[in-house]
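Written out below as structure tokens is the structure these notes cover.
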Amino acid sequence: MRDALTISAFAKRSGVPSKTIRYWEALGLLPKAARSHTGYRVFDPAALRYVAFVQKSKAIGLTLAEMQEILHLARAGRCPCPEVFGWTQAKAKSVAEQIRELSALLKRLKRIEREWKRCSCEGDNCGGVCSLIAGLPECKSAGGKSNAKNQTSCCSDDKCCSRERRVLSGLPAVPASVLPASRRVAKRRATNQL
């Protein structure tokens, strides 16, 4: 192999780290490298096509296992295109669902942010947990029904956070021993500064 590339030269030409090349080779995504007389890996420049295949496959969301299946089918003389088409359809559906969920989350966050801007919770006035979060409506249960008890809306009147304190007053106080160490130190420092 006159034009053979050492792994470092192959990595440089492909733009992929040597460690990744070794991993892809071990998975069978790249052809097995030949060995030099000193035992170093040497790659045929044609193997760069396989690197391009892996990178393009990753770009459309295919997994390494799916890439292995594509190569297995191709090496067996079968066309892998129908499987690839099916996988990409499923991935497109999944991405569309994630976009819908993220859009709904973004709307909720923007609505909550508008409500919270009217809140002025400062210092230790919030109680054991954040009154902003405590004031949010209950989440829907698995059956889709909302738990209407203790639903409050932060700052819906002049007494900001008073409803949240009523909700929080029923909660047991969090002992300092359960707080993360960093929070215990911060609380001690705040007490010492008074």
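Taking R0 as 41 Å, what FRET efficiency do you get between Thr88 and Val42 from their Cβ-Cβ distance, rounded to the nearest 0.05?
0.70
Testing the spin-label approximation: label points 7 Å from Cα along Cα→Cβ at Lys12 and Cys130. State their distance in nm.
5.0
Give me the net charge for the shell around Trp87: Cβ to Cβ below 10 angstrom, other residues only, Lys and Arg +1, Asp and Glu -1.
Details: positive: Lys91; negative: Glu66, Glu69, Glu83.
Neighbourhood net charge equals -2.
For segment 5-78, what is the largest minus smallest coordinate of the Cα atoms on each principal axis, given in angstrom and ordered from greatest to least?
Sorted from largest, the Cα extents of segment 5-78 read 36, 25, 18 Å.
How high is the relative contact order of segment 5-78? Use alpha-carbon pairs under 8 Å, at least six apart in sequence, and give a whole percent. The partial results should precede the final answer.
Working: 52 pairs, mean separation 21.8, N = 74.
Answer for segment 5-78 is 29 percent.
Going down the list Lys12/Lys91; Lys56/Lys91; Lys12/Lys56, which pairs span over 27 Å between their C-alpha atoms? Numbers along the way, then the final one.
On the way: Lys12/Lys91 32 Å; Lys56/Lys91 15 Å; Lys12/Lys56 18 Å.
Check vs 27 Å cut-off fails for Lys12/Lys91.
Values quoted throughout were computed directly from the atomic coordinates according to the rules given, and no laboratory measurement underlies them. Keep in mind that this is a model prediction, so the values were computed, not measured. Here Cβ is always computed from backbone atoms with ideal geometry, including for glycine, and neighbour counts include all displayed protein chains.
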